[in-house]
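What follows is one structure encoded as C-alpha cells, with my remarks underneath.
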Amino acid sequence: MNANYYQSWTIEIAKNFKNELPILGLGLCEESGEVARILKRYCRNDRNLDKCEIEEINKSMKNELGDVLYFVAFLASQFNLSLEELMLGNMQKLEQRMCHGKLLDR
C-alpha cells in the first residue's frame, strides 16, 4: 500500500466529520497517549515480561500506532499536505540534524 492511497482512504471514511480540526487534534492526542501508556508499561516491566505479554504489547502498539497514523493522515489532509510530502520533509530534516551530530537532541 502506498501512503497517499491510505491518506485518500482516511478522507473518504471520515467525510461526515464536522469541526474536523478539534476532533482530529484531540484524537491524535488521545491515541498518542495510548502509545505512551503502552511504552510506559513495557519500560516499567521489560525484565519481567513473558513472551505472551510481549506479544500482547506488540499487538497493542501496532493497533495504537495505526490509530495515530490515521489521525496524522487525516489532519495532514486538512492542511493540503500529503503523507509522502511529510515523510520526505521529515527525512530531509533528520538528515540535516544527522550531519550536525544532533539527530537525537537532548
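The values are calculated or read from the model by the stated rules, or taken from the named source; none is laboratory data. Small disclaimer: the values here were computed from a predicted structure and weren't measured. Backbone-built Cβ (ideal geometry, glycine too); neighbour counts: all protein chains shown.
For the stretch 73-85, which positions are surrounded by fewer than 16 Cβ atoms within 10 Å (Cβ to Cβ) and in a helix (DSSP H, G or I)?
Selection gives Q78, E84, E85.
Does I38 qualify as being surrounded by 13 or more Cβ atoms within 10 Å (Cβ to Cβ), farther than 23 Å from L83 by Cα and modelled with pLDDT of 90 or more?
yes
Can you tell me which of N16, N63 is farther than 23 Å from G89 by Cα, under 13 Å from the mean Cα position of the chain (by Cα) and not aromatic (F, W, Y)?
The conditions single out N63.
If I filter the stretch 54-65 for residues that are among the small types (G, A, S) and touching a residue at least 60 places away in the same chain (Cβ under 8 Å), do I get at least one hit?
So far as the stretch 54-65 goes, no, none of its residues is among the small types (G, A, S) and touching a residue at least 60 places away in the same chain (Cβ under 8 Å).
Looking only at the stretch 41-72, which residues are closer than 30 Å to S8 by Cβ, of a type in the set (D, E, K, R) and loosely packed, with under 15 Cβ neighbours inside 10 Å?
Listed by number, the residues that qualify are K59, K62.
Taking the stretch 66-88, which residues are free of Cβ contacts under 8 Å to residues at least 12 places away in the same chain and more than 16 Å from the chain's Cα centre (by Cα)?
Listed by number, the residues that qualify are F79, N80.
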